[in-house]
Each structure stands twice: as structure tokens, then as C-alpha cells.
Amino acid sequence: MMADMLGRAWLWAAEKPWVHKTVTQGRLTEPVVKRFIAGNELEDAVRVIKELNSRSIGGILDLLGEGVTDADGAQAAADDYLIAVKRIEETGIDTTISVKLTQLGLAFDKGQCIDHLRRIAAEATAIDAGVEIDMEQSGYVLDTLDVYRVLQTDFPGLRIAVQAYLRRTPVDLQTFASVRPKVRLVKGAYAEPEELAFQKQKEIDAQYKFLTEWLFEKGTDPAMATHHSDLLAHAKTTAERTGAGKEDFEVQMLYGVRRDLQEQLAKEGYRVRVYVPYGVAWYPYLMRRIAERPANLAFFLRALARG
Ligand SMILES: Cc1cc2nc3c(=O)[nH]c(=O)nc-3n(C[C@H](O)[C@H](O)[C@H](O)COP(=O)(O)OP(=O)(O)OC[C@H]3O[C@@H](n4cnc5c(N)ncnc54)[C@H](O)[C@@H]3O)c2cc1C
């Protein structure tokens, strides 16, 4: 998980143009990119999801891109998502789609962002595919929750990601208690200041467990998005305590991470979905994956040095 100092330093460095250039031009980083990203094209992600489906694992389709700064860019992303929905219908793959709201214009036009997401949700709902909203940096949390609040009434199947590392999350969730929100619970992947986010693993895990219990008691179909065995064990215990069966919650993991555990849980009869990113705008996503794990960072830096 990102919260340690090394990870935060890496995310800081990743924003420097020379690091961006070195990484994106270095061919030796290709194996690392391939590990975490399905490929540049929608068809790459479709292929990966078909393969996951053959192992009884669902997909979460993610078109890479974030921080869009103009209306044309937001429109293009929305159009690409609509194409993806059509492709889901044609292929019959079992997948949801996940969107970052800054990709749909949240940073400069919340109304437009809502319109885009409404269209995507309408088309996806018509073919019975779920839509999930990623949670981004803390500066976007309130607006992201607002968009969810607006659309949740018309699309109760929408799923929203919330971050356990943010101190505010229990209070935010409580404001949704009356609608029994459908949530993806994550630890949180961005570099956030101490005033806003727990930094210590122990504190983040404690809040993750608290929120897990809240979601089993007051949410709908909770999704535990983690690879952390202790947190997954706690989710299973909470499920038993609250009378939820294996079918009543979901485990979500990332493409390229803990494939063994994904398979094992699916074989045990748990509902498992894997987040499958595709597209050319992979840089910030990959930097977060590198930051999450010192071993990734060491491997990546060695590859960069060779390149
Ligand atoms: C489906 C899904 C959706 C997500 N959506 C969001 C979102 O919307 N917003 C957000 O802020 N964050 C999101 N995240 C990322 C999340 O916040 C964490 O940063 C990430 O999941 C790592 O934390 P962890 O809970 O797996 O626990 P950790 O304690 O970090 O990891 C547990 C174990 O998993 C393995 N592992 C974890 N990460 C990696 C990695 N990168 N490479 C290799 N092995 C690894 C290691 O074996 C590690 O020991 C999402 C994660 C998942 C699984």
C-alpha cells in the first residue's frame, strides 16, 4: 500500500517531467507495463476478461485516463466508454466498467461530468452491466460523492469506491446510510497529507475493518477491493457474523496482482472481479502500482537504470 514514505516519494518524483519522459521512452519498462495493463486497445482488455471469465472471475473494465482538462477530452472519454459498453453487449463478457470522474470533466464542469456518466450508466444498465466510480485524490472526494448522490437515485446499481485511509470516510459513508450504498472499499492509492489520511498501515487496516463492518451492516453488496489476506479474512468473518453468504459480497483485485489468490477465492465459491485497465494513458496508474510495493519499485528502478 502506498502510504509508506518510499511510496510517497516515488509518487512525488513521478510527477516530474524528466521521470515521465525516462519511463515512457524506456523500452525496458515494457514488461512492468504489461504486467499491470491489458494493452493499448479495448480488444486487449476484452481478451483478458474472456480469459478471466473462463476461470469464473468477472472483469472491471477501466479505460485509462484521468485529469482531463477540456470538454473535448471528456467527450472523447465518454464516447470510448459507450463503445466499450457496446462491445460488452456484442461479446457477452461478464464485466462492469469503472470510470474516473476527472476523465469525464469533473475538474472543470461537474454538470457535464454528470451528463456523461448518466449516459454511460443508462447504456450499461440497459445491457445489465454494472458501472463503478473510482475515487481519486482527496481534492475530488466531495465532488465525486456529490455526483454519486445525484445519480444513485436513478441508478441504484452504481458502485462508488471509498478510501479507508481518509479520516473523513466514516462520516461520508454515514451520510449515505439511508440509501444503503453499494461500495467498493479500497485502502487508497494517492499521496495524501497526514491531516487528511492515516499514514500508518495499522491505522489504515483498523479503519478498513471498521468500514467493512459498516458496509455489511448498512450497505448493499459490498466489494472488498484488497489483496491483503488479513483484511479478506476479516471480511469473511464479518460476512458470517452478519449472515451474508459467499454470494452476498464481492472480492475485487487488480490485474497483475495476486493471481493465485484470485483463483483460489473463485474456486472456493467467492464472487471475484479483477480490475482490467487498458489504453495508452497508463503512466499515472502504473506509477501508483509501483509505489504500492517496495519490491516493485526496486525492480522498476533496476529496469530504468538498464534502459
Ligand atoms: C479492484 C480495485 C480497485 C481499486 N480502486 C481504487 C480507487 O478507486 N481509488 C484508490 O485510491 N485506490 C484504488 N485501488 C487501490 C487501493 O487503494 C490500494 O492501493 C491497493 O489495492 C493496494 O492495497 P491492498 O489493499 O491490496 O493492500 P496492501 O497491503 O498494499 O497489499 C497486500 C498484498 O497485496 C500484494 N500487492 C498489493 N499491491 C501490489 C502491487 N501494486 N504490486 C504487487 N503486489 C501488490 C502484495 O502481496 C501485498 O503484500 C483499487 C484496488 C483494487 C484492488
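The values are calculated or read from the model by the stated rules, or taken from the named source; none is laboratory data. This is a predicted model, so every value here is computed, not measured. Glycine gets a Cβ as well: all are built from the backbone with ideal geometry, and neighbour counts include every protein chain shown. Accessible surface areas use protein heavy atoms only, side chains included; no ligands, DNA or RNA. Shrake-Rupley method; radii C 1.70, N 1.55, O 1.52, S 1.80 Å.
Measuring from centroid to centroid over Cα atoms, what is the spacing of segment 156-200 and segment 234-273 in Å? For segment 156-200 versus segment 234-273, the Cα centre distance is 20 Å. The alpha carbons of segment 225-307 stretch over 53, 26, 20 Å along the principal axes, in descending order.
Counted by Cβ distance under 13 Å from Asn40, the other residues give a net charge of -3, where Lys and Arg count +1 and Asp and Glu count -1.
Close amide-amide hydrogen proximity is noted between Ile133 and Val99, Arg159, Ile160, Ala161, each under 5 Å apart and 5 or more residues distant or on a separate chain (H modeled in the peptide plane; Pro and chain starts excluded). For Ala197, the residues 5 or more places off, or on other chains, whose built amide H falls under 5 Å of its own are Arg167. Look at the dipole of segment 38-281 built from charges on Cβ: of Val171, Thr153, Thr238, the Cα furthest out on the positive end belongs to Thr238.
Legend: residues Trp214, Trp18, Trp282, sorted from most to least accessible area (1.4 Å probe; ligands, DNA and RNA excluded), read Trp18, Trp282, Trp214. Running Debye on segment 144-275 with equal point scatterers at the Cα sites and no solvent, what base-10 log of I(q)/I(0) appears at q = 0.23 Å⁻¹? Results for segment 144-275 at q = 0.23 Å⁻¹ read -1.51.
Average accessible surface for the chain: 45 Å² per residue, computed with a 1.4 Å probe over protein heavy atoms with every protein chain in place. Net charge of the neighbourhood of Glu136, taken over other residues with C-beta under 9 Å away and scored Lys/Arg +1, Asp/Glu -1, is -1.
Radius of gyration over Kirkwood radius for the chain, both on Cα atoms: the Rg/Rh ratio is 0.93.
Based on DSSP H runs of at least 4 residues, each adding -39500 (n - 2.57), what is the mean residue ellipticity at 222 nm of the chain after dividing by all its residues, to the nearest 500 deg cm²/dmol? List each step's numbers first, then the result.
Numbers: 13 runs with 158 residues, N = 307.
Helix contribution divided over all residues of the chain: -16000 deg cm²/dmol.
Using each residue's phi in segment 220-228, evaluate 6.51 cos²θ - 1.76 cosθ + 1.60 at θ = phi - 60° and report the 3J(HN,Hα) Karplus result to the nearest Hz, with x for Gly and Pro. Ordered by residue, 3J(HN,Hα) equals 10, 6, x, 10, 8, 9, 7, 10, 7 Hz.
Got a number for carbon plus sulfur as a percent of the chain's accessible area, 1.4 Å probe? With neighbouring chains kept in place, the figure for the chain is 54 percent. 3J(HN,Hα) along segment 196-202, derived from phi through the Karplus expression 6.51 cos²θ - 1.76 cosθ + 1.60 where θ = phi - 60°, amounts to 9, 9, 4, 10, 7, 3, 4 Hz, with x in place of Gly and Pro.
The distance separating the Cα centre of segment 93-132 from that of segment 28-87 comes to 14 Å. log₁₀ I(q)/I(0) of segment 38-168 at q = 0.12, 0.18, 0.21, 0.23 Å⁻¹, via Debye over equal Cα point scatterers, no solvent, to two decimals? Per q value, in the given order, log10 I(q)/I(0) is -0.44, -0.98, -1.26, -1.43. Annotation: amide H of Leu254 within the under-5 Å range of Tyr275, sequence separation 5 or more or interchain, hydrogens built in the peptide plane. Placing unit charges on the Cβ atoms only, positive for Lys and Arg and negative for Asp and Glu, gives segment 34-154 a dipole magnitude near 340 debye about its Cα centre.
Sequence-ordered 3J(HN,Hα) estimates for segment 4-19 from the Karplus curve with 6.51, -1.76 and 1.60 and θ = phi - 60° stand at 6, 5, 4, x, 5, 4, 5, 5, 5, 5, 4, 7, 6, x, 5, 5 Hz, glycine and proline given as x. For Ser54, the shell of other residues with beta-carbons less than 15 Å away shows a net charge of +3, using +1 for Lys and Arg and -1 for Asp and Glu. Toward the positive end of the charge dipole of segment 38-281, about the Cα centre and with charges on Cβ (Lys, Arg +1; Asp, Glu -1), which of Phe198, Ala71, Leu52 goes farthest? The Cα lying farthest towards the positive end belongs to Phe198.
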